[in-house]
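Down below is the structure, laid out as C-alpha coordinates.
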Amino acid sequence: DAKTTQPPSMDCAEGRAANLPCNHSTISGNEYVYWYRQIHSQGPQYIIHGLKNNETNEMASLIITEDRKSSTLILPHATLRDTAVYYCIVRVYNAGNNRKLIWGLGTSLAVNP
Amino acid sequence: GAVVSQHPSWVICKSGTSVKIECRSLDFQATTMFWYRQFPKQSLMLMATSNEGSKATYEQGVEKDKFLINHASLTLSTLTVTSAHPEDSSFYICSARDSKGGIYEQYFGPGTRLTVT
(Lines give C-alpha, C1' and ligand atoms only; values in the text may rest on other atoms or scores of the structure.)
Protein backbone atom coordinates (compact mmCIF):
# COMPACT_ATOMS: atom_id res chain seq x y z
CA ASP A 1 0.00 0.00 0.00
CA ALA A 2 1.15 3.50 -0.83
CA LYS A 3 2.39 5.53 2.10
CA THR A 4 1.60 8.82 0.38
CA THR A 5 -1.52 10.72 -0.64
CA GLN A 6 -1.60 13.41 -3.31
CA PRO A 7 -4.33 15.39 -5.02
CA PRO A 8 -5.26 13.61 -8.26
CA SER A 9 -4.85 16.67 -10.46
CA MET A 10 -3.67 20.28 -10.46
CA ASP A 11 -3.44 23.12 -12.93
CA CYS A 12 -0.75 25.75 -13.19
CA ALA A 13 -0.18 28.72 -15.48
CA GLU A 14 2.97 28.72 -17.57
CA GLY A 15 5.73 30.74 -15.92
CA ARG A 16 4.20 30.51 -12.47
CA ALA A 17 5.37 28.32 -9.61
CA ALA A 18 3.73 24.92 -9.28
CA ASN A 19 3.38 23.70 -5.69
CA LEU A 20 2.54 20.01 -5.41
CA PRO A 21 1.59 18.77 -1.95
CA CYS A 22 2.05 15.30 -0.53
CA ASN A 23 1.00 13.73 2.75
CA HIS A 24 3.06 10.92 4.27
CA SER A 25 1.85 10.86 7.85
CA THR A 26 3.04 7.30 8.55
CA ILE A 27 6.60 7.83 7.37
CA SER A 28 9.29 6.34 9.58
CA GLY A 29 12.47 8.03 10.75
CA ASN A 30 14.80 6.46 8.19
CA GLU A 31 12.49 6.64 5.19
CA TYR A 32 13.29 9.14 2.47
CA VAL A 33 10.78 11.03 0.35
CA TYR A 34 11.42 10.84 -3.38
CA TRP A 35 9.74 12.70 -6.21
CA TYR A 36 9.59 11.37 -9.75
CA ARG A 37 7.56 12.47 -12.71
CA GLN A 38 6.25 10.56 -15.68
CA ILE A 39 5.39 12.03 -19.03
CA HIS A 40 2.79 10.02 -20.89
CA SER A 41 4.01 6.56 -21.94
CA GLN A 42 7.59 7.17 -20.82
CA GLY A 43 9.67 5.91 -17.95
CA PRO A 44 9.72 7.92 -14.72
CA GLN A 45 12.25 10.73 -14.33
CA TYR A 46 13.94 11.48 -11.02
CA ILE A 47 13.34 14.98 -9.67
CA ILE A 48 14.56 15.27 -6.10
CA HIS A 49 14.61 13.54 -2.74
CA GLY A 50 15.05 14.38 0.93
CA LEU A 51 14.96 13.07 4.47
CA LYS A 52 14.51 16.00 6.87
CA ASN A 53 16.03 19.12 5.38
CA ASN A 54 14.70 21.15 2.51
CA GLU A 55 16.45 20.39 -0.75
CA THR A 56 16.95 22.29 -4.00
CA ASN A 57 18.41 21.31 -7.34
CA GLU A 58 18.23 22.58 -10.90
CA MET A 59 14.78 21.12 -11.40
CA ALA A 60 12.88 21.82 -8.21
CA SER A 61 12.78 22.48 -4.50
CA LEU A 62 11.51 20.10 -1.85
CA ILE A 63 10.06 21.47 1.36
CA ILE A 64 9.58 18.92 4.15
CA THR A 65 7.63 19.85 7.28
CA GLU A 66 9.39 19.62 10.61
CA ASP A 67 7.28 16.64 11.68
CA ARG A 68 8.00 15.01 8.28
CA LYS A 69 4.33 14.17 7.80
CA SER A 70 4.05 16.14 4.60
CA SER A 71 6.10 17.77 1.89
CA THR A 72 5.73 20.10 -1.08
CA LEU A 73 7.47 19.92 -4.43
CA ILE A 74 7.99 23.33 -5.98
CA LEU A 75 8.64 23.87 -9.68
CA PRO A 76 9.66 27.54 -9.61
CA HIS A 77 8.77 28.49 -13.19
CA ALA A 78 6.55 25.87 -14.76
CA THR A 79 6.72 25.33 -18.52
CA LEU A 80 4.47 23.38 -20.84
CA ARG A 81 7.02 20.58 -20.82
CA ASP A 82 6.45 20.12 -17.11
CA THR A 83 3.00 18.70 -17.82
CA ALA A 84 3.24 15.18 -16.36
CA VAL A 85 2.15 12.93 -13.52
CA TYR A 86 4.19 13.70 -10.41
CA TYR A 87 4.74 10.93 -7.90
CA CYS A 88 5.61 11.45 -4.27
CA ILE A 89 7.18 8.24 -3.05
CA VAL A 90 8.50 6.88 0.22
CA ARG A 91 11.55 4.68 0.09
CA VAL A 92 11.14 1.81 2.53
CA TYR A 93 13.10 -1.19 3.69
CA ASN A 94 11.46 -4.57 3.29
CA ALA A 95 11.84 -7.64 5.50
CA GLY A 96 15.13 -8.50 3.81
CA ASN A 97 16.49 -5.01 4.49
CA ASN A 98 16.31 -4.17 0.80
CA ARG A 99 15.26 -0.70 -0.30
CA LYS A 100 12.25 -0.26 -2.52
CA LEU A 101 10.02 2.58 -3.67
CA ILE A 102 6.32 2.55 -2.78
CA TRP A 103 4.38 4.38 -5.50
CA GLY A 104 1.03 6.13 -5.03
CA LEU A 105 -1.31 7.41 -7.71
CA GLY A 106 0.46 10.73 -8.22
CA THR A 107 -0.77 14.17 -9.21
CA SER A 108 -1.49 14.92 -12.85
CA LEU A 109 -0.13 18.43 -13.37
CA ALA A 110 -1.37 20.39 -16.35
CA VAL A 111 0.61 23.51 -17.21
CA ASN A 112 -1.53 25.85 -19.25
CA PRO A 113 -0.32 28.57 -21.64
CA GLY B 1 24.22 10.65 -17.16
CA ALA B 2 23.21 7.10 -16.44
CA VAL B 3 21.01 5.52 -19.07
CA VAL B 4 18.80 2.48 -18.91
CA SER B 5 17.50 1.02 -22.15
CA GLN B 6 14.72 -1.44 -22.81
CA HIS B 7 14.12 -3.58 -25.83
CA PRO B 8 11.71 -3.82 -27.48
CA SER B 9 9.90 -0.54 -26.91
CA TRP B 10 6.66 -2.19 -27.94
CA VAL B 11 5.58 -5.71 -28.85
CA ILE B 12 2.40 -7.39 -30.01
CA CYS B 13 2.10 -11.11 -29.49
CA LYS B 14 -0.55 -13.79 -29.72
CA SER B 15 -2.14 -15.34 -26.70
CA GLY B 16 -0.20 -18.35 -25.46
CA THR B 17 3.19 -17.24 -26.70
CA SER B 18 6.12 -16.00 -24.60
CA VAL B 19 7.74 -12.61 -24.81
CA LYS B 20 11.16 -11.56 -23.55
CA ILE B 21 11.95 -7.96 -22.58
CA GLU B 22 15.53 -6.82 -22.07
CA CYS B 23 16.72 -4.14 -19.69
CA ARG B 24 20.27 -2.81 -19.94
CA SER B 25 22.26 -0.30 -17.94
CA LEU B 26 24.38 1.37 -20.62
CA ASP B 27 27.05 3.23 -18.71
CA PHE B 28 27.01 1.85 -15.21
CA GLN B 29 26.90 -1.45 -13.41
CA ALA B 30 23.66 -2.38 -11.73
CA THR B 31 23.78 -4.88 -8.90
CA THR B 32 20.05 -4.50 -8.45
CA MET B 33 17.36 -4.13 -11.08
CA PHE B 34 13.62 -3.76 -10.66
CA TRP B 35 10.67 -4.67 -12.85
CA TYR B 36 7.42 -2.73 -12.70
CA ARG B 37 4.08 -3.04 -14.44
CA GLN B 38 1.76 -0.15 -15.12
CA PHE B 39 -1.84 -0.38 -16.31
CA PRO B 40 -3.53 2.61 -17.98
CA LYS B 41 -4.11 5.54 -15.64
CA GLN B 42 -2.60 3.62 -12.75
CA SER B 43 0.61 3.88 -10.82
CA LEU B 44 3.69 1.72 -11.13
CA MET B 45 3.43 -1.62 -9.39
CA LEU B 46 6.66 -3.31 -8.38
CA MET B 47 6.72 -6.88 -9.67
CA ALA B 48 10.13 -8.06 -8.57
CA THR B 49 13.60 -7.10 -7.49
CA SER B 50 16.55 -8.88 -9.03
CA ASN B 51 20.11 -8.99 -7.81
CA GLU B 52 22.88 -10.02 -10.17
CA GLY B 53 23.65 -13.69 -9.91
CA SER B 54 20.80 -14.61 -7.60
CA LYS B 55 17.11 -15.41 -7.81
CA ALA B 56 14.67 -12.55 -8.09
CA THR B 57 12.46 -11.57 -5.18
CA TYR B 58 8.85 -11.33 -6.30
CA GLU B 59 6.20 -9.12 -4.76
CA GLN B 60 3.14 -10.69 -3.27
CA GLY B 61 0.65 -11.76 -5.92
CA VAL B 62 3.16 -11.88 -8.80
CA GLU B 63 3.55 -15.37 -10.26
CA LYS B 64 7.23 -16.20 -10.53
CA ASP B 65 6.61 -19.03 -12.98
CA LYS B 66 4.76 -16.70 -15.30
CA PHE B 67 7.14 -13.76 -15.10
CA LEU B 68 10.63 -15.18 -15.38
CA ILE B 69 13.41 -12.82 -14.44
CA ASN B 70 17.07 -13.37 -15.19
CA HIS B 71 19.82 -11.00 -14.06
CA ALA B 72 22.89 -12.77 -15.39
CA SER B 73 25.23 -9.80 -15.63
CA LEU B 74 25.73 -6.40 -14.03
CA THR B 75 24.29 -4.66 -17.08
CA LEU B 76 21.47 -6.91 -18.24
CA SER B 77 18.22 -8.19 -16.80
CA THR B 78 15.47 -9.90 -18.74
CA LEU B 79 11.78 -10.39 -18.05
CA THR B 80 10.02 -13.20 -19.89
CA VAL B 81 6.24 -13.24 -19.86
CA THR B 82 5.37 -16.89 -20.41
CA SER B 83 2.14 -18.06 -22.01
CA ALA B 84 0.95 -14.49 -22.32
CA HIS B 85 -2.76 -13.69 -22.13
CA PRO B 86 -4.65 -10.48 -22.95
CA GLU B 87 -4.75 -9.54 -19.26
CA ASP B 88 -0.93 -9.39 -19.34
CA SER B 89 -1.14 -6.46 -21.74
CA SER B 90 0.51 -3.59 -19.93
CA PHE B 91 3.40 -1.16 -19.83
CA TYR B 92 6.46 -2.86 -18.36
CA ILE B 93 9.20 -0.66 -16.95
CA CYS B 94 12.57 -1.67 -15.59
CA SER B 95 14.89 0.33 -13.40
CA ALA B 96 18.43 -0.14 -12.21
CA ARG B 97 20.38 0.92 -9.17
CA ASP B 98 24.00 1.96 -9.68
CA SER B 99 26.22 -0.42 -7.71
CA LYS B 100 28.50 2.53 -6.92
CA GLY B 101 25.70 4.30 -5.14
CA GLY B 102 25.09 8.00 -5.69
CA ILE B 103 22.07 10.17 -5.13
CA TYR B 104 19.79 8.43 -7.58
CA GLU B 105 17.75 5.66 -6.05
CA GLN B 106 16.85 4.10 -9.37
CA TYR B 107 17.35 4.95 -13.02
CA PHE B 108 14.34 4.05 -15.12
CA GLY B 109 14.11 2.68 -18.62
CA PRO B 110 11.68 4.05 -21.21
CA GLY B 111 9.26 1.16 -20.83
CA THR B 112 7.94 -1.62 -23.08
CA ARG B 113 4.33 -1.65 -24.22
CA LEU B 114 3.09 -5.27 -24.43
CA THR B 115 -0.15 -6.03 -26.24
CA VAL B 116 -1.40 -9.61 -26.22
CA THR B 117 -4.05 -10.39 -28.82
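A few comments on the model shown:
- Spin-label model, B:SER18 to B:LYS100: label points 7 Å out along the Cα-to-beta-carbon direction sit 3.6 nm apart.
- Accessible area buried at the B-A interface, both sides summed, 1.4 Å probe (Å², nearest 100): 1500 Å²
- Relative contact order of chain B: 37 percent, from C-alpha pairs under 8 Å at least 6 residues apart in sequence.
- Rounded to the nearest 20 debye, the dipole magnitude of the stretch B:1-82 is 260 debye, with +1 charges on Lys and Arg beta carbons, -1 on Asp and Glu beta carbons, and the Cα centre as origin.
- The stretch A:8-113 - percent of accessible surface contributed by carbon and sulfur, probe 1.4 Å: 48 percent
- 10 Å Cβ shell holding at most 14 others, DSSP loop, trypsin sites (Lys or Arg not before Pro): longest site-free stretch of chain A: A:70-113
- Accessible area of chain B divided out per residue, in Å², using a probe of 1.4 angstrom: 49 Å²
- A loss of 20 Å² or more of accessible area (1.4 Å probe, protein heavy atoms, ligands and nucleic acids excluded) relative to the isolated chain is seen in these residues of the stretch A:4-49: A:TYR34, A:TYR36, A:GLN38, A:SER41, A:GLY43, A:PRO44, A:TYR46, A:HIS49.
- Heavy-atom accessible area per residue - chain A, 1.4 Å, Å²: 51 Å²
- Against the criterion of solvent-accessible heavy-atom surface with a 1.4 angstrom probe, B:MET45, A:MET59 sort, most first, into B:MET45, A:MET59.
- Isolated Cys residues of chain B, judged by Cβ distance under 4.7 Å to other cysteines: B:CYS13
- Delta accessible area of at least 20 Å² on complex formation, residues of the stretch A:57-89, 1.4 Å probe, chain isolated as reference: A:TYR87
- Where labels lie 7 Å past Cα in the beta-carbon direction, separation of B:LEU68 and B:ALA2 in nm: 2.8 nm
- Phi angles of the stretch B:27-32 translate, via the Karplus equation with coefficients 6.51, -1.76, 1.60 and θ = phi - 60°, into HN-Hα couplings of 9, 7, 9, 10, 5, 10 Hz per residue; Gly and Pro are given as x.
- Measuring nothing but how far apart in sequence close Cα pairs (under 8 Å, 6+ apart) lie, relative to its length, chain A scores a relative contact order of 37 percent.
- For B:HIS85, the solvent-accessible surface computed with a 1.4 Å probe is close to 70 Å², ligands and nucleic acids excluded.
- Rg to Rh, two decimals, where chain B supplies the alpha carbon set and Rh follows Kirkwood: 0.95
- The simple Förster model, with R0 at 30 Å and r as the Cβ-Cβ distance, assigns A:ASN98 and A:ASP67 a FRET efficiency of 0.65.
- In chain A, the C-alpha radius of gyration followed by the widest Cα-Cα span (Dmax) gives 13.7, 48 angstrom.
- The stretch B:1-23 and the stretch A:83-113 have their alpha-carbon centroids 23 Å apart.
- Chain A: Cys lacking any partner C-beta under 4.7 angstrom: A:CYS12
The values are calculated or read from the model by the stated rules, or taken from the named source; none is laboratory data. Remember, it's a predicted structure, so these values are computed and weren't measured experimentally. With ideal geometry, Cβ positions are generated from the backbone for all residues, glycine too; neighbour counts draw on all protein chains shown. What goes into the accessible areas is simple: the full protein's heavy atoms, side chains included, and nothing from ligands, DNA or RNA. Shrake-Rupley method; radii C 1.70, N 1.55, O 1.52, S 1.80 Å.
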